[in-house]
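Nothing in this text is a laboratory measurement; each read-out follows from the coordinates by a stated rule. Computed from a predicted model, the values in this text were never measured in an experiment. Don't worry about glycine lacking a Cβ; one is built from the backbone with ideal geometry, like all the others, and counts go over all protein chains shown.
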Amino acid sequence: MKKTLETFENGCAGIVANVSKKHTASATKLVIKELEKNGFSWKLESTTAQHIDHKDKGIPLSELATCITWLIIIGGDGTILQAVRSIAEHDIPLLGINPGRSFGFMADTLIEEVPETFKSIRRLEFEIIKRSMLKAELYSSTNEKTFLPFALNDVTFTHGAEARLISLNVNVNDELLSSYSADGLIFATATGSTAHSMSAGGPILYPSVEAIALTPICPHTLSNRPIILPRDCKIEVYLNNSNRDVHVAIDGQVTEKMNSNDRVVIRSSDYKAHFIHSKHHTFATILRKKLKWTGDLKNKSEE
């Protein structure tokens, strides 16, 4: 608790926003206003500062991460995924603020909830959820290693531009798990379980669950079902058919092409993303709202 007190009472909040969003400027100004009202100091990321005419106060994100104690991200889940890769090694708690109505699970604080959320943070009425991340390494046929960025959501293998079957072998702890013929494979964290993996029929995991969900995308063999793997396992993926191009994507934002005889090793990262969550926004509440789980199959409008 001492660290939490120092982080929010004596620390400094960083602010980074997706400037392409329609309501970013007004949302950022509201965040600054409410921070000051609650006695929090703040610093702006460069592009964000320029967007609201505070160019002289902007700091590059890589530098910003070294001089703040918590980070506010204004935008959707894509903005958060991009920012997390820059701050992963700094152990900084972050708060995601949704300036509009995007379908996001991580930016779960709506802009109109900001005043009450900052009051709750000032009173320390919140929790910090540690979310697992993945690290992936690409090995060439000559065993040359390329470190891929950390993944908060998932590591995905697909054909690329064309929707064609690809063949991949998956080893878990140096033992063959299965050979997959599918449109692709998704290795998702608990955070990523509500993203691409969920769309492909994968299971939903609570954010605090430390596991890896392997979900085949449209598998040719219908018995290839999603499977939950332990966080401490070593996963190795290599091509089973060198005639097809395969791309490995990190959170759907960073992509590398795999050549024949390449392999990718996936493990849970030692780094975790620390998310600030209001106690009024439980994961169960978010699921019910986002996925419209009513518990009633009847259409109320038809009654």
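For segment 92-132, the square roots a ≥ b ≥ c of the C-alpha gyration tensor eigenvalues yield an a/c of 1.5 or more together with a/b not exceeding b/c, which makes the shape oblate. Taking a ≥ b ≥ c as the square roots of the eigenvalues of the Cα gyration tensor of the chain, is the shape rounded (a/c under 1.5), prolate (a/b larger than b/c) or oblate? Because a/c hits 1.5 or more and a/b exceeds b/c, the chain counts as prolate.
Judged by the ratio a/c of the largest to the smallest principal axis of the C-alpha gyration tensor, segment 134-270 counts as rounded, that ratio being less than 1.5.
When both segment 119-192 and segment 34-53 are represented by their alpha-carbon centers, they are found 33 Å apart. In straight-distance terms, cross-link reach from Lys29 covers every one of the aspartates and glutamates whose alpha-carbon lies under 15 Å from its own, apart from those fewer than eight places away in the same chain; here that gives Glu45, Asp53, Glu112, Glu113.
Could you rank the peptides 172-184, 139-151 by their average count of other C-beta atoms within 10 Å per residue, with the highest value first?
172-184, 139-151
Computed over the chain, relative contact order equals 18 percent, with contacts defined as Cα pairs under 8 Å that lie 6+ residues apart.
Of Thr285, Thr191, Thr69, which has the largest mean-square fluctuation in a 10 Å C-alpha GNM of the chain? Between Thr285, Thr191, Thr69, it is Thr285 that shows the largest mean-square fluctuation.
Which links in Lys135/Lys234; Lys145/Lys234; Lys22/Lys130; Lys37/Lys272; Lys21/Lys119 stretch past 22 Å when you go from one Cα to the other?
Values: Lys135/Lys234 11 Å; Lys145/Lys234 16 Å; Lys22/Lys130 30 Å; Lys37/Lys272 30 Å; Lys21/Lys119 25 Å.
Exceeds cut-off: Lys22/Lys130; Lys37/Lys272; Lys21/Lys119.
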